[in-house]
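Pasting in a structure now, in structure tokens, and then I'll have a few things to ask.
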Amino acid sequence: MQPEARASVRCLLVDHERRVLLQEIFDPEDGKRFWITPGGAVDPGETETEGLRRELREEAGITDIDLGPVVWTRQHVFPFDGKWYHQTERFYLAQYRPQVHLPPDPTAPDFGLILGHRWWTIDELRRTEHEVAPERLADGLERIWAEGPPTEPYDIGI
């Protein structure tokens, strides 16, 4: 089966305590659970930033966000919900002060796949036994804290 090509955007949403927001999702096909940054496919007719703002609203109820630069890229082929995808991702950095925000949109297509949200420190990411994507998320965040956002996005890997 030929994987479906899919352009995707993700948000590296970090707070003033140097934590990153991840969401736990599951694959309804096999029940596998993993933690990822909020985001998803860019719909036809949307710009990347429009798609990311929509995804943040749908998945995390976040509507008031100033998106920063694209810091990472990633490509991977994976199965999800009985289909194969070849996904190209771009990760936008955004600072966020956790506050009361709207609940995820129950009418969003992925609503039932999201099990919850959590703010993670780099140490927690390094110690967890949960699957986290991208795998080098902690290393990438540590590099951003040490050097600042890169001038050009780089491939963060699977």
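Since Glu24 meets every condition but one in (1) of a type in the set (Asp, Glu); (2) touching a Phe, Trp or Tyr at 6+ places or on another chain (Cβ under 9 Å); (3) crowded, with 21+ Cβ neighbours inside 10 Å, which condition does it not meet?
In the conditions (1) of a type in the set (Asp, Glu); (2) touching a Phe, Trp or Tyr at 6+ places or on another chain (Cβ under 9 Å); (3) crowded, with 21+ Cβ neighbours inside 10 Å, Glu24 misses (3) alone.
Restricting to the stretch 108-125, give me the number of residues that are under 16 Å from Val14 (Cβ atoms) and open to solvent by 90 Å² or more (accessible area, probe 1.4 Å). Before you say what the answer is, go through the steps one by one.
Going through the stretch 108-125, the residues under 16 Å from Val14 (Cβ atoms) turn out to be 117-125.
With the extra rule that they be open to solvent by 90 Å² or more (accessible area, probe 1.4 Å), the set shrinks to 123.
Total satisfying the criteria: 1.
Could you tell me whether His86 is surrounded by fewer than 18 Cβ atoms within 10 Å (Cβ to Cβ) and at pLDDT 95 or above? Walk me through it before giving the result.
Details: surrounded by fewer than 18 Cβ atoms within 10 Å (Cβ to Cβ): yes; at pLDDT 95 or above: yes.
So His86 passes the test.
Given the conditions (1) surrounded by fewer than 19 Cβ atoms within 10 Å (Cβ to Cβ); (2) under 17 Å from Ala133 (Cα atoms); (3) of a type in the set (Lys, Arg), and given that Arg74 satisfies all but one, which numbered condition is not satisfied?
So the condition that Arg74 fails would be (1).
While we're here: Report, ordered by the first and then the second residue, all pairs with beta carbons closer than 7 Å, sequence separation of six or more or different chains, a first member in the stretch 78-99 that is among the aliphatic types (A, V, I, L, M), and a second member that is surrounded by 13 or more Cβ atoms within 10 Å (Cβ to Cβ) and part of a loop (DSSP other than H, G, I, E, B).
Pairs that qualify, where the first residue is among the aliphatic types (A, V, I, L, M) and the partner is surrounded by 13 or more Cβ atoms within 10 Å (Cβ to Cβ) and part of a loop (DSSP other than H, G, I, E, B), are Leu93/Gly68; Leu93/Pro69; Leu93/Pro149; Ala94/Ile65; Ala94/Leu67; Ala94/Gly68.
So which residues in the stretch 136-158 are part of a helix (DSSP H, G or I) and surrounded by fewer than 13 Cβ atoms within 10 Å (Cβ to Cβ), if there are any at all? Break it down into steps so the answer makes sense when it comes.
As a first pass, look at the stretch 136-158 and keep what is part of a helix (DSSP H, G or I): 137-147.
Trp145, Ala146, Glu147, listed by residue number.
Quick check on the stretch 34-65: of everything there that is of a type in the set (S, T, N, Q) and touching a residue at least 40 places away in the same chain (Cβ under 8 Å), which residue is most open to solvent (accessible area, probe 1.4 Å)? Show your work before the answer.
Taking the stretch 34-65 first, the residues of a type in the set (S, T, N, Q) are 37, 47, 49, 63.
Still in the running and touching a residue at least 40 places away in the same chain (Cβ under 8 Å): 37, 49.
Numbers: Thr37: 0, Thr49: 54 Å².
Among residues in the stretch 34-65 that are of a type in the set (S, T, N, Q) and touching a residue at least 40 places away in the same chain (Cβ under 8 Å), the one most open to solvent (accessible area, probe 1.4 Å) is Thr49.
The values are calculated or read from the model by the stated rules, or taken from the named source; none is laboratory data. Predicted model, so just to flag it, every value in this text is computed and none were measured. Positions of Cβ are generated from backbone atoms using ideal geometry, with glycine treated the same way; all protein chains shown enter the neighbour counts. Ligands, DNA and RNA are excluded from the accessible area calculation, which covers all protein heavy atoms including side chains. Shrake-Rupley method; radii C 1.70, N 1.55, O 1.52, S 1.80 Å.
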